[in-house]
1. Being within 16 Å of residue 374 (Cβ to Cβ) and not charged (D, E, K, R) is the filter here; which residues of the stretch 150-166 pass it?
2. May I ask you to list the residues in the stretch 153-190 that are aliphatic (A, V, I, L, M) and in a helix (DSSP H, G or I)?
3. Which residues, counting only those in the stretch 1-39, are in contact (Cβ under 8 Å) with a residue 12 or more places away in the chain, part of a helix (DSSP H, G or I) and over 19 Å from residue 158 (Cα atoms)?
4. With (1) within 15 Å of the ligand (Cβ to nearest atom); (2) outside any loop (DSSP other than H, G, I, E, B) as the list, and residue 254 as the residue in question, which single condition is left unmet?
5. Return the pairs, sorted by first residue and then second, in which the second residue is part of a helix (DSSP H, G or I) and basic (Lys, Arg), the first residue lies in the stretch 274-289 and is in contact (Cβ under 8 Å) with a residue 40 or more places away in the chain, the beta carbons are less than 6 Å apart, and the residues are 6+ apart or on different chains.
6. When you look at residue 425, is it within 25 Å of the chain's Cα centre (by Cα) and buried (at least 20 other Cβ atoms within 10 Å of the Cβ), yes or no?
7. Could you please give the count of residues in the stretch 102-111 that are in contact with a strand residue (DSSP E or B) (Cβ under 9 Å, 6 or more places away or on another chain) and either more than 21 Å from residue 156 (Cα to Cα) or near the ligand (Cβ under 10 Å from one of its atoms) (or both)?
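The values are calculated or read from the model by the stated rules, or taken from the named source; none is laboratory data. Keep in mind that this is a model prediction, so the values were computed, not measured. Using ideal geometry, Cβ is built from the backbone for each residue, glycine included, and neighbour counts are taken over all protein chains shown.
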Amino acid sequence: QKAQIGVTGLAVMGANLARNFARHGYTVALHNRSVGKTDALLDAHGDEGTFIRTETLQELVDALETPRRILVMVKAGAPVDAVIEQLVPLLEKDDIIIDGGNSYFQDTRRRERELAEQGLDFVGIGVSGGEEGALLGPSIMPGGPRKSYDSLGPLLEDIAAKAEDGTPCCAWIDTDGAGHFVKMVHNGIEYADMQVIGEAHELLRSVAGLEPAEQADVFEQWNRTELASYLIEITAHVLRQVDARTDQPLIDVIVDAAGQKGTGRWTVQEALELGSPVTAIAESVFARALSSAEPEMRLEAQRVLPAGIGGTTEDVVHDPEFVEDVRKALYASKLVSYAQGLDMLTMAGREYGWDLDLATIAGLWREGCIIRAQLLEVIMEAYQGDKQPLNLLFAPEFVTAVEEALPSWRRVVARAVERGIPAPVFATTLNYYDSLRRPRLNAALTQGLRDFFGAHTYRRVDDAEGIYHTLWSGDRSEVVS
Ligand code: 6PG
């Protein structure tokens with residue numbers, strides 16, 4: 001009997017995806033560089049389905065029905081290229097190599113191009129949902145050639161999470177790196193979601209005086225509102241956890257220096273290239289950097305930098321109105337962050353020639369992935385039908401939702417600023433919102449200054465065509481450039 005799918009790289013994500021395929025009735029050929037991991041998987045879970053044990057890539061290739069589907073689950077970067085290099089000579093035309101890691105989308109584009117020259121399909125798939133998702137049903141974002149999806153799609157859709165209406169959280173995104181690109185932006189949004197939850201947590205503590213366990217109750221309650229989401233749910237768990245060693249809330253003994261593996265940073269780097277203002281994601285990446293990059297500087301700052309707080313504001317200890325303000329601010333900020341992320345996808349679609357369907361993408365983030373949330377159902381609906389909003393915030397239900405949240409949102413940002421409590425995502429999303437709706441931006445002065453020192457020219461409000469320059473160092477008359 002031949003296997004329908006092969007998995008090479010049996011660390012936890014690879015192992016759990018392999019088990020997920022097997023549990024769905026597929027015969028799965030297993031391979032790992034060191035056979036120990038393969039045997040460990042078979043010892044512990046071999047009875048979950050039909051597995052074929054292989055020791056070499058040649059054996060893996062031989063164990064598979066054709067066209068072959070080989071899922072590579074190794075560390076992103078050079079290890080993926082190394083596995084591809086070893087596999088290629090063993091494969092035949094139309095075989096599919098699938099990369100399920102968090103690979104950089106430009107690598108995926110390159111790999112698809114190179115493998116296409118050899119008659120092989122290369123499919124980069126974004127997989128979200130952590131270890132548990134991989135086993136029980138992740139959200140899957142496949143790119144790669146369309147034809148490969150005919151052979152691969154049904155398997156992926158089988159093992160993917162299902163939305164409430166039964167739709168699999170897996171759909172072909174577009175060619176080459178589109179799947180990994182969408183996964184990258186998913187992770188950027190994940191960063192912003194987590195950062196703004198952290199800001200809410202800080203304000204609930206420092207302004208409203210709520211201890212972590214009390215906050216856990218608040219987040220549990222929020223999880224029954226329009227904020228309902230996996231990250232809000234697990235925030236309650238993390239805040240409720242008591243450290244066995246000290247009896248303190250665990251959150252108070254975790255070092256406040258955030259790590260990152262790179263997908264958030266890539267999102268921002270790529271946003272800069274595209275000129276896409278994903279300010280919530282950028283602030284979130286920088287917040288992690290500020291927390292961890294230079295610990296000595298943070299220590300020194302605590303000693304030397306004054307707070308300059310005028311004493312005008314008081315704490316609002318246990319004030320339910322303030323707690324509700326924070327909840328509304330969190331919702332509005334989150335909407336802006338999603339609006340920014342989705343807009344980035346639109347810009348990328350234009351740049352890379354992908355037809356990215358935002359309704360589909362929001363739809364497959366509804367379940368399985370880390371940012372799964374009730375909100376994504378509403379976002380999906382906003383993009384269904386012919387009248388696509390130019391920006392998520394323009395969808396009528398979100399115009400109303402933000403309007404309703406605005407007074408709270410402004411109060412929360414003002415309070416944070418007055419009290420010297422950092423709330424970069426609450427603030428930057430409000431700034432984005434206000435910038436977007438403002439009839440005139442200070443960019444006019446930027447243009448004036450650029451023209452002054454560098455003759456960079458400007459356009460006039462009363463002339464759509466002309467390019468102008470003022471003779472700043474001459475008689476200051478205006479010339480058509
Ligand atoms: C997911 C997660 C997953 C991983 C992130 C964490 O969607 O399942 O995003 O891919 O946990 O890469 O990223 P950082 O280590 O950068 O926070």
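1. Of everything in the stretch 150-166, those that are within 16 Å of residue 374 (Cβ to Cβ) and not charged (D, E, K, R) turn out to be 161, 163.
2. Within the stretch 153-190, 155, 156, 159, 178, 182, 184, 185, 189 qualify.
3. Within the stretch 1-39, 12, 35, 37, 38, 39 meet the criteria.
4. Only one criterion is unmet by residue 254, namely (2).
5. Close Cβ pairs (under 6 Å, with a partner that is part of a helix (DSSP H, G or I) and basic (Lys, Arg)) amount to 285/265.
6. yes
7. Here is the first cut: in the stretch 102-111, the ones in contact with a strand residue (DSSP E or B) (Cβ under 9 Å, 6 or more places away or on another chain) are 102-103, 105, 107-109, 111.
Okay, now just the ones that are also either more than 21 Å from residue 156 (Cα to Cα) or near the ligand (Cβ under 10 Å from one of its atoms) (or both), so 102, 107.
Residues flagged as in contact with a strand residue (DSSP E or B) (Cβ under 9 Å, 6 or more places away or on another chain) and either more than 21 Å from residue 156 (Cα to Cα) or near the ligand (Cβ under 10 Å from one of its atoms) (or both) within the stretch 102-111 amount to 2.
For every residue, the table says whether it meets (1) part of a strand (DSSP E or B); (2) within 16 Å of the ligand (Cβ to nearest atom).
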{"residue": "113", "(1), (2)": "no, no"}
{"residue": "116", "(1), (2)": "no, no"}
{"residue": "119", "(1), (2)": "no, no"}
{"residue": "132", "(1), (2)": "no, yes"}
{"residue": "135", "(1), (2)": "no, yes"}
{"residue": "141", "(1), (2)": "yes, yes"}
{"residue": "144", "(1), (2)": "no, no"}
{"residue": "147", "(1), (2)": "no, no"}
{"residue": "151", "(1), (2)": "no, no"}
